[in-house]
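Data block below; observations after.
Rule-based calculations on the coordinates, nothing more; no lab input. Since the structure is predicted, the reported quantities are computational estimates derived from the model, not experimental observations. Quick reminder, even Gly has a Cβ in these numbers, built from the backbone with ideal geometry, and neighbours come from all protein chains shown.
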Amino acid sequence: MNWPTPDPVGPGQESVWDFPRPAICEPTARHLEIRHRGVMVADTRAGFRTLETSHPPTYYFSPADVEAGLLRPNGRRSLCEWKGQAIYFDAIIAGEVIPDAAWAYPSPTAPFAAMRDHIAFYPALFDTCLVDGECAVAQPGGFYGGWITTDLAGPFKGIPGSRFW
């Protein structure tokens, strides 16, 4: 296995290669916002972020910080080796249905219990995802839900050739 060479870490950056494995979750006071088609979807200063080696953070919002009525459970399930079983939601915004736009862990494993029922969103599916006012870029690859900002150094899992990182 050829592991990538971590990018240099600049001032004020953290390297995703210093993030732990197995993954962890931690509270974050960063201002997180999601907007789509002119609608505020979610807005919080009391979220959680999950961190895992080679991944940008995935942010989780309290259900109270997600605009009511925009998410509909869709029956999809998946299993994360660290967090447990996830449930998925379609987002319905301005007449548009966005399938599998968000997910949550209603019964997470013990290390992730604090983020029970908090909702994560795939940033690639929304017009604007902000971290402290900065437009985040979606983690590459389509499978992951990480948010890339300029305060992170990669390379990031999801790019071609990163499947077994």
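Residues in segment 68-94 that are exposed (fewer than 15 other Cβ atoms within 10 Å of the Cβ) and outside any strand (DSSP E or B): how many? Of the residues in segment 68-94, 4 are exposed (fewer than 15 other Cβ atoms within 10 Å of the Cβ) and outside any strand (DSSP E or B). Of everything in segment 125-141 that's out of contact with any helix residue (DSSP H, G or I) (no Cβ under 7 Å at 6 or more places or on another chain) and without any contact (Cβ under 8 Å) to a residue 24 or more places away in the chain, which residue is surrounded by the most Cβ atoms within 10 Å (Cβ to Cβ)? The extreme case among them is Pro140.
Results for (1) hydrophobic (A, V, I, L, M, F, W, C); (2) free of Cβ contacts under 8 Å to residues at least 40 places away in the same chain; (3) more than 29 Å from Arg37 (Cβ to Cβ); (4) in contact with a strand residue (DSSP E or B) (Cβ under 8 Å, 6 or more places away or on another chain), shown as yes or no for each residue.
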{"site": "Tyr60", "(1), (2), (3), (4)": "no, no, no, yes"}
{"site": "Tyr88", "(1), (2), (3), (4)": "no, yes, no, yes"}
{"site": "Pro155", "(1), (2), (3), (4)": "no, no, yes, no"}
{"site": "Gly161", "(1), (2), (3), (4)": "no, yes, yes, no"}
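Just to be sure before I move on: is Ile148 crowded, with 18+ Cβ neighbours inside 10 Å, among the β-branched types (Val, Ile, Thr), in contact with a strand residue (DSSP E or B) (Cβ under 8 Å, 6 or more places away or on another chain) and more than 24 Å from Pro6 (Cβ to Cβ) in the structure I sent? In short, no.
Does Gly12 meet the test of being more than 18 Å from Ser162 (Cα to Cα), in a loop (DSSP other than H, G, I, E, B), free of Cβ contacts under 8 Å to residues at least 40 places away in the same chain and of a type outside the set (Asp, Glu)? Criteria not met by Gly12. For segment 88-108, the criterion of being of a type in the set (S, T, N, Q), touching a Pro at 6+ places or on another chain (Cβ under 6 Å) and more than 17 Å from Gly145 (Cα to Cα) is met by none of the residues.
Let's see how each residue does on (1) charged (D, E, K, R); (2) farther than 19 Å from Ala136 by Cβ:
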site: Pro4; (1), (2): no, yes
site: Gln13; (1), (2): no, no
site: Ala29; (1), (2): no, no
site: Gly38; (1), (2): no, no
site: Arg45; (1), (2): yes, no
site: Phe48; (1), (2): no, no
site: Pro56; (1), (2): no, no
site: Ser78; (1), (2): no, yes
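Under the condition of being in a loop (DSSP other than H, G, I, E, B), touching a residue at least 24 places away in the same chain (Cβ under 8 Å) and crowded, with 17+ Cβ neighbours inside 10 Å, the residues counted in segment 110-124 number 1.
For segment 125-165, the tally of residues that are outside any loop (DSSP other than H, G, I, E, B), over 13 Å from the mean Cα position of the chain (by Cα) and closer than 18 Å to Ile98 by Cβ stands at 1.
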